[in-house]
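Undergrad: Provided herewith is a single structure, encoded as structure tokens, for subsequent inquiry.
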Amino acid sequence: MTTREEVRRFADRMERERRATLPPALLDFPAPAYRASVHVGPKYTRVDFDTSGYYMVVNSTGEIFGIKSYGVIHRGHAYGTLDTLDAWDWSGYRAVPRPVGPA
């Protein structure tokens, strides 16, 4: 079962990685700009960044998916689980797998 703390850790990580790629001038906006927010629902927990929906976490399994339209899960865009966060780079518009092995 997914906990709110696990999803909040995911949202904090995604926010940290996304903000690290933004130009410094964008980060000078008031506090709510370019922040992740978590919205818990009965089946899914939505993770938004700024004013856009980004990911949905299945509460029963911890699986992470993209959003097809606001509040609608996109099963074709799967990004692992809350247990495999290290395997993904969350800094871009969409997560991409991190390279494995020596560079």
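The values are calculated or read from the model by the stated rules, or taken from the named source; none is laboratory data. Predicted model only: the values in this text are computed from it and were never measured. Every residue, glycine among them, receives a Cβ derived from its backbone with ideal geometry; neighbour counts consider all protein chains shown.
Undergrad: Just for region 51-73: of the residues that are outside any strand (DSSP E or B) and out of contact with any helix residue (DSSP H, G or I) (no Cβ under 8 Å at 6 or more places or on another chain), which one is nearest to Y93 (Cα to Cα)?
TA: T51
Undergrad: Here is a list of conditions, (1) surrounded by fewer than 10 Cβ atoms within 10 Å (Cβ to Cβ); (2) touching a helix residue (DSSP H, G or I) at 6+ places or on another chain (Cβ under 6 Å), and E5 meets all of them except one; can you say which number that is?
TA: In the conditions (1) surrounded by fewer than 10 Cβ atoms within 10 Å (Cβ to Cβ); (2) touching a helix residue (DSSP H, G or I) at 6+ places or on another chain (Cβ under 6 Å), E5 misses (2) alone.
Undergrad: Considering only residues that are out of contact with any Ser or Thr (no Cβ under 6 Å at 6 or more places or on another chain) and not in a loop (DSSP other than H, G, I, E, B), look in region 39-50 and name the one that is surrounded by the most Cβ atoms within 10 Å (Cβ to Cβ).
TA: T45
Okay, residues lined up against (1) exposed (fewer than 13 other Cβ atoms within 10 Å of the Cβ); (2) in contact (Cβ under 8 Å) with a residue 60 or more places away in the chain; (3) part of a loop (DSSP other than H, G, I, E, B):
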position	(1), (2), (3)
A11	no, no, no
R75	yes, no, no
L85	no, yes, no
P99	yes, no, yes
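Undergrad: Pick from region 51-73 the residues that are loosely packed, with under 15 Cβ neighbours inside 10 Å and out of contact with any His (no Cβ under 7 Å at 6 or more places or on another chain): which of them is nearest to H39 (Cα to Cα)?
TA: So, considering only residues that are loosely packed, with under 15 Cβ neighbours inside 10 Å and out of contact with any His (no Cβ under 7 Å at 6 or more places or on another chain), the one nearest to H39 (Cα to Cα) is G71.
Undergrad: Residue under question is S37, and the condition is that it be polar (S, T, N, Q) and either in contact (Cβ under 8 Å) with a residue 60 or more places away in the chain or on the phi > 0 side of the Ramachandran plot (or both); does it hold?
TA: no
Here's the yes/no breakdown for (1) under 19 Å from R4 (Cβ atoms); (2) more than 12 Å from the chain's Cα centre (by Cα):
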{"position": "N59", "(1), (2)": "yes, yes"}
{"position": "K68", "(1), (2)": "no, yes"}
{"position": "G71", "(1), (2)": "yes, yes"}
{"position": "R75", "(1), (2)": "no, yes"}
{"position": "T81", "(1), (2)": "yes, no"}
{"position": "L85", "(1), (2)": "yes, no"}
{"position": "D89", "(1), (2)": "no, no"}
{"position": "A95", "(1), (2)": "no, no"}
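Undergrad: Out of (1) among the hydroxyl-bearing types (S, T, Y); (2) farther than 29 Å from P23 by Cβ; (3) in a loop (DSSP other than H, G, I, E, B), the odd one out for S91 is which?
TA: Among (1) among the hydroxyl-bearing types (S, T, Y); (2) farther than 29 Å from P23 by Cβ; (3) in a loop (DSSP other than H, G, I, E, B), S91 violates only (2).
Undergrad: Can you name the condition, by its number, that Y79 falls short on among (1) touching a Ser or Thr at 6+ places or on another chain (Cβ under 9 Å); (2) assigned to a strand (DSSP E or B); (3) hydroxyl-bearing (S, T, Y)?
TA: (1)
Undergrad: I would also like to ask the following. Taking the residues in region 13-31 that are hydrophobic (A, V, I, L, M, F, W, C) and either at pLDDT 95 or above or out of contact with any Lys or Arg (no Cβ under 8 Å at 6 or more places or on another chain) (or both) as candidates, determine which candidate is surrounded by the most Cβ atoms within 10 Å (Cβ to Cβ).
TA: Among them, the one singled out is M14.
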